[in-house]
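Shown next, in structure tokens, is the structure this report addresses.
The values are calculated or read from the model by the stated rules, or taken from the named source; none is laboratory data. Not measured: the values here are computed from a predicted model. All Cβ positions, glycine included, derive from the backbone under ideal geometry; neighbour counts span all protein chains shown. For the accessible areas, the whole protein counts, side chains as well, though only heavy atoms, and no ligand, DNA or RNA atoms are used. Shrake-Rupley method; radii C 1.70, N 1.55, O 1.52, S 1.80 Å.
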Amino acid sequence: YSLFCCLLYFFPFFLYNFLLIFLTLLLNLLVLAVFEVPESQTTDERNSSTNIIWKPSTPLWYSPLLLIVLGVPHLLLGICMVVEYFVRQKKRFITGVSLFDESISNFKEWVTQQECLKRVCPLSWREPTKSGSEGDNYFGIELFGFQSIYRVLFIVSSLLAIGLSGYFYCFCLIYVFLKSDVVQYMLTALHRSAKQLIYIALIGLVVILIFAVIAFAFLHDYMDDNENLFCSTLFECFVTVSREGLLDTLGPAIPFINNNQLSAVFSTYSLRSIFFDIPFFIIVTHLAQLFLSLIIISCQQYSQHTL
């Protein structure tokens, strides 16, 4: 262990970091250039939705030996990167998950403010104290945060890529941009506004469920499985409304002519537009804008704090 630590400190960090990034880019370029669908597959197998290509067709020079020759050093450099990160940043680690810690702290603060609880259970109530300053919350690193977890997943992806023809090397590309300011701002924004973002996402799911129930009750005849509009069950309707509503506008996706009609009816068109299509578009659009606004505001706050 001592010899390994000495190698880490005497071997320049920028050198093996450069080699790790270089090998990551090289392996992904090789995978991108040589992978093809195997010729042994028939047309029916290619059209099958359950078909998975575990071993793609590659040129003769792209042998498993070449993957091992480049993949093993990539894996070893990844292990060095992870060990170096945890050794250097161990004093900045914040144990626990901030979202849960904040909830527990708020609950303790609420308990201390309840006079009835103090009378029933006469304990020495104390005001909750905050450990660390606000700056520590900005510049600390969570032990179970994205930075730490991704580095462990980097090793796992590099190991799996050796055994699965290089598929998992694409997940290692995130490391190339991991230390950029843009990524740091994004991660910090998601971290600091995680609670609000989760609430907005849950509200969005509730809104989608409400409209899915409406679609299941009134619009199931307008949905056809051949048009990728599944609504045979409420769960299928929820998935369809979620996909079409979030990836596109839900109104134009659902036709105005059901399976029993030859042409559209204006009364159906107007009522559905007023009470279903337009309200869904307004609510979901505003929730999406609010979601993005929270991230932007958090980025601005982090930028002002660092300045």
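Remarks
- Added length on full extension, which subtracts the Cα-Cα distance from 0.36 nm per residue, Phe291 to Gln184: 36.7 nm
- Linear extension gain, Val239 paired with Asp224, 0.36 nm per residue minus alpha-carbon span: 4.0 nm
- Average accessible area per residue (Å²) across region 165-307 - probe 1.4 Å, nucleic acids and ligands excluded: 62 Å²
- Most tightly packed first, judged by the mean number of other beta-carbon atoms within 10 Å of their residues, the peptides 51-63, 282-294 read 282-294, 51-63.
- Accessible surface ranking that places the most exposed of Val82, Val206 first, with a 1.4 angstrom probe: Val206, Val82
- Residue ranking by accessible heavy-atom surface, 1.4 Å probe, largest first, among Asp221, Asp277 comes out as Asp221, Asp277.
- Contour excess over end-to-end distance, with Cα ends at Ile52 and Ile203 and 0.36 nm allotted per residue: 50.8 nm
- Shown are Lys179, Lys90, Lys195, whose ranking by accessible area with a 1.4 Å probe and every protein chain present, most to least, is Lys90, Lys179, Lys195.
- With a Förster radius of 45 Å applied to the C-beta separation of Phe86 and Ser232, the computed FRET efficiency comes to 0.35.
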